[in-house]
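The values are calculated or read from the model by the stated rules, or taken from the named source; none is laboratory data. Nothing here was measured: the structure is a model prediction, and the numbers come from that model. All Cβ positions, glycine included, derive from the backbone under ideal geometry; neighbour counts span all protein chains shown. In case anyone asks, the SASA skips ligands and DNA or RNA and just uses the protein heavy atoms, side chains included. Shrake-Rupley method; radii C 1.70, N 1.55, O 1.52, S 1.80 Å.
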Amino acid sequence: MSEPADVARPLALKMARVLHAAAAVLAGHGLLLWLVDALHDRLPAPPEAIGAVLFWLLAVPALVLTRPFTPLFWKLGLMNAPGWFAWPKALGVALAYGAWIVALLVVAWLVRLAGRSRAPYVDGRAGE
């Protein structure tokens with residue numbers, strides 16, 4: 001008889017898709033954050049309400065995502081500390097976003113790999 005076939009479980013595939021989507025959303029957020037930063041000096045100042053919304057939608061998630069890397073960023077000189085508040089430099093934010101995206105894609109790959117089962121052949125057809 002032939003070798004048993006690898007059969008992917010539907011839940012593992014859905015979970016891998018969710019993790020891929022989360023990585024794509026994170027990449028999109030990082031691109032939007034970079035675009036706003038790049039255009040910040042060229043555009044007129046937004047009204048105060050829009051500035052607050054942009055802060056909560058762009059800066060706060062970026063600060064939360066870079067928080068685990070803060071000690072490393074201090075050692076590498078990738079932190080700005082002009083006063084009482086410190087935040088990562090642009091390269092630090094890019095490295096943190098890249099690390100999170102790679103981590104999500106690796107976990108998605110591991111979930112997909114763990115979701116594959118070796119199904120035995122029954123009458124020449126793969127069973128589930």
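Those residues that are touching a residue at least 12 places away in the same chain (Cβ under 8 Å) and either in a loop (DSSP other than H, G, I, E, B) or surrounded by 15 or more Cβ atoms within 10 Å (Cβ to Cβ) (or both), I need them from segment 37-58; list them, please.
Selection gives Leu54, Leu58.
Scan segment 109-116 and tell me whether some residue there is within 20 Å of Phe73 (Cβ to Cβ), in a helix (DSSP H, G or I), at pLDDT 90 or above and open to solvent by less than 70 Å² (accessible area, probe 1.4 Å). Step through it out loud before you land on a result.
Within segment 109-116, the subset within 20 Å of Phe73 (Cβ to Cβ) is none.
Looking through segment 109-116, none of the residues is within 20 Å of Phe73 (Cβ to Cβ), in a helix (DSSP H, G or I), at pLDDT 90 or above and open to solvent by less than 70 Å² (accessible area, probe 1.4 Å).
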Meets criteria (open to solvent by 80 Å² or more (accessible area, probe 1.4 Å), modelled with pLDDT of 90 or more and among the hydrophobic types (A, V, I, L, M, F, W, C)) for Leu65: no
Candidate set from segment 79-108 (those that are open to solvent by less than 70 Å² (accessible area, probe 1.4 Å) and over 25 Å from Ala24 (Cβ atoms)); member that is modelled with the lowest pLDDT: Gly83
